[in-house]
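The values are calculated or read from the model by the stated rules, or taken from the named source; none is laboratory data. Not measured: the values here are computed from a predicted model. With ideal geometry, Cβ positions are generated from the backbone for all residues, glycine too; neighbour counts draw on all protein chains shown. Note: accessible area is taken over every heavy atom of the protein model, side chains too, but ligands, DNA and RNA are not part of it. Shrake-Rupley method; radii C 1.70, N 1.55, O 1.52, S 1.80 Å.
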Amino acid sequence: MRLVQLSRHSITFPSPEGALREPNGLLALGGDLSPARLLMAYQRGIFPWFSPGDPILWWSPDPRAVLWPDAFHVSRSMKRFHKSSPFRITLNHAFGQVIEGCAADRDEGTWITESIVLAYHRLHELGHAHSVEVWQGSELVGGMYGVAQGALFCGESMFSRAENASKSALMVFSQAFAGQGGKLMDCQVLNNHTASLGAIEIPRREYLEHLAELRTQPLPGHFWVPRTLFLPTV
């Protein structure tokens, strides 16, 4: 196994099975963040993740963290909160504000460089990247964004400025996603937050098999139209 240097003149990637074991999943470096290359990466189960000042690094970890929408775990306290939730939750209303919110988060945002922000803005404009917004009144208090691959949604990052905001975003989105044929959400690498919500680890090979099958199963075209997913109780 060796780290592959990508060419700016080709958007091809090496097989994810050739990724390093340490650091887990590091596959390649270089290239660019053009829409064509990013889409090629997601189609092959690869994503960019790098720190400011570093070259672009491409990853495909093994195991892979995923969340099956019907296995989403809602705690008793979250159920009580949601019954009287103060949040309004929307889809694709404020992509720019969401990715900027994720970038400003100390824990999540160290890797969301200006080049990443611009690249995912382009994917959003092309209809591939999407955002979920959590509003309290007129204030954006949380959200998440990611990239659609048919009936699989590749989550990239989330942020929260109010208690339960990011949990609410993921819960409401997963219900809407599953209701229109969505089958699986990619969480990339397991952490305590996603594990508490029902995410699990599966072998990379299994994830790639799911990806190959699900990315050819598009959701209804109207699903990604900007709309309200949840209104607070009055």
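Couple of notes before you dig in:
- Share, in percent, of DSSP beta bridges within the stretch 35-147 that are antiparallel, nearest 5: 100 percent
- Spatial separation of Cα centroids for the stretch 52-68 and the stretch 157-234, in angstrom: 17 Å
- Selection of GluC sites (Glu not before Pro), the stretch 131-222, meeting DSSP coil and at most 14 other Cβ within 10 Å: 163
- Tensor-based shape of the stretch 35-97 (alpha-carbon gyration tensor, a/c under 1.5 rounded, otherwise prolate or oblate): prolate
- Antiparallel DSSP beta bridges within the chain, percent to nearest 5: 85 percent
- Straight-distance crosslink candidates among lysines, where the alpha carbon sits under 16 Å from residue 167 and sequence neighbours closer than 8 are dropped: 79, 83
- Degrees, to the nearest 10: 204-214 long Cα axis against longest axis of the chain: 70 degrees
- Excluding ligands, DNA and RNA, the accessible surface per residue across the chain is 47 Å² with a 1.4 Å probe.
- Here the chain has 52 percent of its accessible surface on carbon and sulfur atoms, given a 1.4 Å probe and all protein chains in place.
- Under the simplified labelling scheme, the residue 5-residue 100 pair shows an inter-label distance of 3.8 nm, with each label point 7 Å from Cα along Cα→Cβ.
- Phi-derived couplings, Karplus 6.51 cos²θ - 1.76 cosθ + 1.60 at θ = phi - 60°, listed residue by residue for the stretch 141-150: 10, x, x, 8, 9, x, 10, 7, 10, x Hz, with x used for Gly and Pro.
- With all projection directions averaged, the alpha carbon convex hull of the chain covers 12.2 nm².
- Available extension along the chain between residue 227 and residue 126 is 34.6 nm, counting 0.36 nm per residue and deducting the alpha carbon span.
- Dipole magnitude for the chain: computed about the Cα centre from +1 point charges on Lys and Arg Cβ and -1 point charges on Asp and Glu Cβ, it is near 460 debye.
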